[in-house]
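Have a look at the structure below, then the notes.
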Amino acid sequence: MSLSPAALAARRVFAAAAHSSHEGGARTWKILTIVLAVPGVAVCMANAYMKMQAHSHDQPDFVAYSHLRIRTKKFPWGDGNHSLFHNSHTNALPDGFEGHDH
């Protein structure tokens, strides 16, 4: 079984590549990081910034649904009505949002 000269040349190249050391691997990953990862992170940051600018920062209207914000006993901290990680801008109390605006 005889191989063509092109097949022999390709076989020789692949054999040489298989026995070479792995030099340049770090350089390849460094280039990929600079070319792909850094611009990708920059695009994600720009997207998040633009969405934040277009977002309305007004509080939604409070609707007192009967199945939400049920307090059967007081929380063991503070006044007992605020959750541990309470945010007065986003978390409503059982009787509505707190009165101070930003």
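A short reminder: the numbers here are calculations on the coordinates, not readings from a lab. All values derive from a computational prediction rather than experimental measurement. A quick note on method: Cβ atoms are made from the backbone with ideal geometry, for glycine too, and the neighbour counts reach across all protein chains shown.
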* Inter-label distance, nm, simple model (7 Å from Cα along the C-beta direction), ASP95/GLN59 -> 1.3 nm
* Using 0.36 nm per residue of separation minus the Cα-Cα distance, give me the extension gain between TRP29 and HIS67 in nm, one decimal. => 8.4 nm
* Structure fact -> The set of residues whose placed amide H lies less than 5 Å from the amide H of LEU93, leaving out same-chain residues fewer than 5 positions away, is GLU98
* To do: Go through the stretch 36-43 residue by residue and turn each phi into a ³J(HN,Hα) via Karplus (6.51, -1.76, 1.60, θ = phi - 60°); whole Hz please, and just put x for glycine and proline.
  => 10, 6, 5, x, x, 5, 5, 5
* Structure fact -> Per the Cα gyration tensor, the chain corresponds to an equivalent ellipsoid with semi-axes, largest first in Å, of 65, 19, 15
* Quick one: what are the phi-derived ³J(HN,Hα) couplings along the stretch 55-68, Karplus 6.51/-1.76/1.60 with θ = phi - 60°, whole Hz, x for glycine and proline? => 7, 7, 9, 7, 6, x, 5, 7, 10, 7, 6, 6, 9, 10
